[in-house]
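Reviewing the structure listed below.
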Ligand code: NAD
């Protein structure tokens with residue numbers, strides 16, 4: 001595949017290409033250009049050229065363009081999903097959910113275009129009158145991870161474009177192809193050249209020059225805390241706007257008044273989605289004493305039944321992890337949990353899976369301690385660590401005891417318990433009797449080490465526009 005810059009699908013200036021590996025069997029999934037500084041420069045130039053016309057086009061026109069893209073994405077969802085599964089590893093069913101989710105995001109932004117037209121004006125005795133315009137920022141940069149590439153790309157594209165900005169997007173080199181295919185679909189649905197540009201390449205060679213480029217006015221980054229910190233450091237003092245959507249270590253608190261079987265089934269389904277590689281996956285299960293044993297016993301019963309296989313096999317409940325380093329990290333975390341005294345129950349790999357695939361059977365870890373060093377960091381894989389808590393106060397204390405603050409959930413039938421936890425949990429989003437749901441209608445962003453700024457909901461207006469005040473004397 002090729003990069004998307006201005007009106008062209010193109011190779012990198014260096015002519016070098018990077019092979020993308022199918023995580024299910026190690027075979028080549030495709031190739032993309034290895035972009036670098038010169039490619040970033042071309043892409044920012046194309047975005048700058050496109051900005052004037054795009055920012056001055058009626059918001060309804062921008063909304064309609066997104067709406068047409070959504071229509072085409074829905075029509076081509078199977079094709080896009082297959083590309084995503086081949087490079088990322090997730091089951092086709094989940095890949096299709098993600099692609100359709102991206103279409104829903106564009107529909108949301110298409111509909112919200114009308115919100116951008118309203119300015120504010122008022123009579124100001126002694127000063128005349130004033131108006132406040134909402135204006136786009138200019139060229140924005142988006143840098144995204146590999147785990148939910150299409151959905152996260154859609155969050156950033158939808159918000160930046162509907163507000164009249166132009167965008168240079170850099171997907172992860174671990175999963176760039178479905179995002180390129182998404183861009184191509186958008187071009188076919190009438191997006192003018194240069195409004196969206198996609199540069200493929202790694203963080204050091206393509207990401208770093210992009211965030212440093214002086215014509216980039218805003219950076220929206222989703223990825224790890226470590227890279228987020230590096231970007232914040234590199235851009236300090238530049239006055240670029242920054243949104244950082246970083247890692248998560250979400251707690252899921254299970255109270256004694258819920259059905260332990262239903263709660264355990266929900267926890268397993270949530271944690272195994274995308275093979276546990278989701279920022280808002282429930283990564284620490286904090287279960288109150290009275291329900292703990294029944295909850296754990298259900299997980300012990302269901303984990304061996306989990307079918308692991310290629311994402312393209314409809315029987316697979318989970319596919320492989322996306323990459324080898326990820327797999328090594330997860331296996332090490334399981335060993336370290338055991339070293340801390342946890343008891344591990346593992347699922348099994350069926351015979352016949354490729355030895356070159358990054359498959360990782362799910363692991364239940366019981367008896368995890370509240371002060372576990374392993375659980376103070378994000379485990380990006382199908383590990384289900386259970387921590388026993390005496391009461392809600394203790395559960396909340398454990399939940400808040402990490403540097404993360406992305407999502408959190410409380411599972412209870414008692415509204416007073418839900419309210420208490422929702423107030424006390426340190427997170428950008430708190431779910432009650434659900435987890436990991438991120439409809440585009442509500443803002444999403446983290447607190448503490450999980451970053452700052454949010455996208456979706458109405459937050460996108462603040463995030464992607466500036467206010468300009470004009471005061472006229474009389
Ligand atoms: P990562 O931080 O390694 O990479 C993310 C992106 O940053 C990639 O495109 C990479 O090429 C780029 N990058 C790396 N170094 C860079 C640099 N110096 N300058 C500019 N760009 C650079 O993260 P990952 O491994 O791709 O993704 C997994 C992480 O993302 C997990 O921590 C997960 O929790 C997090 N995540 C967060 C959210 C959220 O919305 N908060 C959503 C999904 C994933």
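Name the residues in the stretch 210-241 that are more than 12 Å from the ligand (Cβ to nearest atom) and either part of a strand (DSSP E or B) or over 24 Å from residue 446 (Cα atoms) (or both), would you?
214, 215, 217, 218, 241
Could you check how many residues of the stretch 309-326 are away from the ligand (no atom under 11 Å from the Cβ) and assigned to a loop (DSSP other than H, G, I, E, B)?
If we filter the stretch 309-326 for residues that are away from the ligand (no atom under 11 Å from the Cβ), which is where we start, we get 309-321, 324.
Add one more test, that the residue is assigned to a loop (DSSP other than H, G, I, E, B), and what stays is 309-317, 319-321.
Qualifying residue count for the region: 12.
Within the stretch 86-139, how many residues are over 23 Å from residue 442 (Cα atoms) and surrounded by fewer than 22 Cβ atoms within 10 Å (Cβ to Cβ)? Lay out the reasoning, then the answer.
Taking the stretch 86-139 first, the residues over 23 Å from residue 442 (Cα atoms) are 86-93, 120-133, 138-139.
When the remaining residues are screened for being surrounded by fewer than 22 Cβ atoms within 10 Å (Cβ to Cβ), the result is 92-93, 120-133, 138.
Number of matching residues: 17.
Residues that are touching a strand residue (DSSP E or B) at 6+ places or on another chain (Cβ under 7 Å) and within 16 Å of the ligand (Cβ to nearest atom), at least 1 per element: which strands (runs of 3 or more DSSP E) completely within the stretch 367-474 meet that?
Where strands (runs of 3 or more DSSP E) fall fully within the stretch 367-474 and carry at least 1 residues being touching a strand residue (DSSP E or B) at 6+ places or on another chain (Cβ under 7 Å) and within 16 Å of the ligand (Cβ to nearest atom), they are 383-389, 407-411, 429-432.
Out of the stretch 256-287, which residues are under 15 Å from residue 436 (Cβ atoms), more than 12 Å from the ligand (Cβ to nearest atom) and not in a strand (DSSP E or B)? Can you show your working first?
First pass over the stretch 256-287, keeping only residues under 15 Å from residue 436 (Cβ atoms): 263, 265-285.
Checking the rest, the ones that are also more than 12 Å from the ligand (Cβ to nearest atom) come to 263, 265-273, 275, 282, 284-285.
Selection gives 263, 265, 266, 267, 268, 269, 270, 271, 272, 273, 275.
Checking residue 151 against (1) out of contact with any strand residue (DSSP E or B) (no Cβ under 8 Å at 6 or more places or on another chain); (2) modelled with pLDDT under 95, which single condition isn't satisfied?
(2)
With respect to residue 253, determine if the residue is within 11 Å of the ligand (Cβ to nearest atom), modelled with pLDDT of 95 or more, surrounded by 19 or more Cβ atoms within 10 Å (Cβ to Cβ) and within 20 Å of residue 436 (Cβ to Cβ).
Here the answer is no, as residue 253 does not meet what is asked.
The values are calculated or read from the model by the stated rules, or taken from the named source; none is laboratory data. What you see is a predicted model; the values in this text were computed from it and never measured. Note: ideal-geometry Cβ built from the backbone for every residue, glycine included; neighbour counts use all protein chains shown.
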